[in-house]
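Notes follow once the structure below has been shown.
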Amino acid sequence: MIEIVLPEVREHYADQLDQMFRLRFETCIQKWGWKVPGATDGKDIDEFDNEEAVYMLLLSDDRRTVLGCCRFNPTTSPYMISKLWPETCDLQPAPSDPTIWEASRFVVRGGLGSKSDYLELMWRLSTGMCEFCVSAGIEQIVWYTDPPFYHTIASVMDTEPLG
């Protein structure tokens, strides 16, 4: 089940958001080795987890366990690429447009089954991302990724590198 957590309803998702921040810490900081300013107490929370952030949660059928997540930020305010890595946009500038949002912290919980189970969760989260964007009037998303994941996404979506 996919849940979109808009800023005005976050209080109704306090437990799931706490799980999400912990899942991001386990994955992004412990597994991938990211250095995230502000990450404390086993939670990955940074300056882009702000009042404009929208969260997408992939939940178990009973809605108690976060299986995956993604964060969206508008590009009309500072976002990760524009603020932390503007030099990576060497082919074209980091976008700023109300119909373009940044997707980040795309994480799927590991250890829940086989590789095909993991890939199914990734595609469920990806499909949810597309559905959210269509319903919210988001025409494009930007994200910072490594070349192998970029090439995987480029094989199924129309993509254009910023740098």
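The values are calculated or read from the model by the stated rules, or taken from the named source; none is laboratory data. Not measured: the values here are computed from a predicted model. Note that each Cβ is placed from the backbone with ideal geometry, even for glycine, and that neighbours are counted across all protein chains shown.
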Practice prompt. Could you grab me the full set of residues in the range 7-51 that are in a loop (DSSP other than H, G, I, E, B) and in contact with a strand residue (DSSP E or B) (Cβ under 6 Å, 6 or more places away or on another chain)?
Written response: Phe48
Worksheet, complete the sentence: Output for Cβ contacts, cut-off 7 Å, separation at least six or different chains, first residue farther than 16 Å from Lys83 by Cβ in the range 41-55, second assigned to a loop (DSSP other than H, G, I, E, B) and modelled with pLDDT of 95 or more, reads Val54/Leu6
Discussion item. Quick test for you: out of Leu125, Leu84, pick the one residue that is of a type in the set (A, V, I, L, M, F, W, C) and more than 23 Å from Ser60 (Cα to Cα).
Written reply: Leu84
Item to complete: Could you tell me whether Leu59 is loosely packed, with under 14 Cβ neighbours inside 10 Å and either of a type outside the set (Asp, Glu) or modelled with pLDDT of 95 or more (or both)?
Response: no
Worksheet, complete the sentence: When every residue in the range 77-122 that is β-branched (Val, Ile, Thr) and assigned to a strand (DSSP E or B) is compared, the one surrounded by the fewest Cβ atoms within 10 Å (Cβ to Cβ) is Ile100
Practice prompt. Quick one: Phe25 ticks every box in (1) in contact with a Gly (Cβ under 6 Å, 6 or more places away or on another chain); (2) within 20 Å of Thr127 (Cβ to Cβ) except a single one, so which number is it?
Written response: (2)
Item to complete: Considering only residues that are more than 22 Å from Gly111 (Cβ to Cβ) and touching a Phe, Trp or Tyr at 6+ places or on another chain (Cβ under 7 Å), look in the range 4-44 and name the one that is surrounded by the most Cβ atoms within 10 Å (Cβ to Cβ).
Response: Val5
Worksheet entry | Residues within the range 123-142 that are in a strand (DSSP E or B) and over 13 Å from the mean Cα position of the chain (by Cα), tallied | 1
Worksheet item: Tally time: how many residues in the range 129-163 are surrounded by 12 or more Cβ atoms within 10 Å (Cβ to Cβ), closer than 20 Å to Val54 by Cα and of a type in the set (Val, Ile, Thr)?
Response: 4
Practice prompt. Take the residues in the range 27-44 that are in contact with a helix residue (DSSP H, G or I) (Cβ under 7 Å, 6 or more places away or on another chain) and of a type in the set (A, V, I, L, M, F, W, C), then tell me which one is nearest to Leu17 (Cα to Cα).
Written response: Ala39
Fill in: Single residue of Arg64, Arg109, Arg105, Arg71 found to be at pLDDT 95 or above and basic (Lys, Arg)
Arg71
Worksheet item: Do the conditions hold for Glu47, that is, is it on the phi < 0 side of the Ramachandran plot, touching a Gly at 6+ places or on another chain (Cβ under 7 Å) and surrounded by fewer than 18 Cβ atoms within 10 Å (Cβ to Cβ)?
Response: yes
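Matching residues to (1) on the phi < 0 side of the Ramachandran plot; (2) of a type in the set (A, V, I, L, M, F, W, C):
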site: Arg63; (1), (2): no, no
site: Leu67; (1), (2): yes, yes
site: Arg71; (1), (2): yes, no
site: Trp85; (1), (2): yes, yes
site: Ala103; (1), (2): yes, yes
site: Arg109; (1), (2): yes, no
site: Trp123; (1), (2): yes, yes
site: Gly137; (1), (2): no, no
